[in-house]
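All remarks here apply to the structure that follows.
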Amino acid sequence: MLIAKQKRKENIAEYILYLYQVEDLIRAFHFDMELINNQLVKNYQVDKDTSLEISAWYKNLVVMMEKEGKQEKGHLQFLANLIGDLNEFHLRLMHTQINPMYVSVFQAVAGLLNELKQKNPSAANDVQLAIDGVYGYLLLKIQKKEITPETQEAVKRLSQWLSQLSKLFKDYEAGDLEV
């Protein structure tokens, strides 16, 4: 919860990726709040009230995942909505071309996104393609699987685009950017 709050303020793409990881952790702990409290919440060096707040945050996610039927796979609806909002913002940036540097960063990954669309035809939009691609890469790293230099380069480029988009989205939410 503490990390999620910080990431939400600083970088929307990192926030989404972090919550993807939290969903997978909840699944790994079989939605068992006792395990979650003992293995995750306990590791935070915080006072008792904050610890209870963190536990309640995990419990809320558990309940949401159960209600939405995300026990095996998939992502919470609010994350899909957030990705949709971020993609809508991306499309407005492209349409208005208010930030030429952003347009060129996106154009540099457009071909890569087309390739990813072939591998992930169910992805709703470009932002989801990029986030799913980066998350897949992170899972490969965690599993200590071999990653080709081409994949590493592709993820680097996707990450640069998502970082640029996240910075502009942060500015937009703060009222420092009008689109």
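Springs join every pair of Cα atoms under 10 Å in this Gaussian network model of the chain, and among Gln45, Gln128, Gln160 the largest mean-square fluctuation is at Gln45. What the chain shows is 59 Å² of accessible area per residue, with the surface traced by a 1.4 Å probe over protein heavy atoms. Taken one residue at a time, the phi angles of segment 144-152 give Karplus couplings (6.51, -1.76, 1.60, θ = phi - 60°) of 6, 8, 5, 10, 6, x, 5, 5, 4 Hz. Gly and Pro are set to x.
Within a straight-line Cα-Cα reach of under 19 Å, Lys42 can be paired with the following aspartates and glutamates, leaving aside sequence neighbours fewer than 8 residues apart in one chain: Glu23, Asp24, Asp32, Glu34, Glu53. Listed by chain and number, the lysines whose C-alpha is less than 18 Å from the C-alpha of Lys67, apart from same-chain residues fewer than 8 away, are Lys59. For segment 61-179, a simple Cβ point-charge model (Lys and Arg +1, Asp and Glu -1, everything else neutral) yields a dipole of about 380 debye relative to the Cα centre. Within the accessible area of the chain, the carbon and sulfur atoms contribute 51%, probe 1.4 Å, all protein chains present.
When the chain is described by a simple charge dipole with +1 on each Lys and Arg Cβ and -1 on each Asp and Glu Cβ, the residue from Leu86, Ile26, Ala174 located farthest towards its positive end is Ile26. Projecting the Cα atoms of Leu139, Gly111, Gln71 onto the charge dipole of the chain (Cβ charges, centred on the Cα centre) puts Leu139 farthest toward the positive pole.
Working from label points 7 Å from Cα in the Cα-to-Cβ sense, the Lys119 to Glu53 distance is 4.0 nm. Here the 3J(HN,Hα) profile of segment 33-42, calculated from phi with Karplus coefficients 6.51, -1.76 and 1.60 at θ = phi - 60°, is 5, 5, 5, 4, 5, 6, 9, 10, 4, 4 Hz, Gly and Pro shown as x.
The values are calculated or read from the model by the stated rules, or taken from the named source; none is laboratory data. In this text, all values refer to a predicted model and were calculated from it rather than measured experimentally. Heads up, the Cβs are rebuilt from the backbone with ideal geometry, glycines too, and the neighbour counts pull from every protein chain shown. Each accessible area value is taken on the protein alone, full model and side chains, heavy atoms only, with ligands, DNA and RNA left out. Shrake-Rupley method; radii C 1.70, N 1.55, O 1.52, S 1.80 Å.
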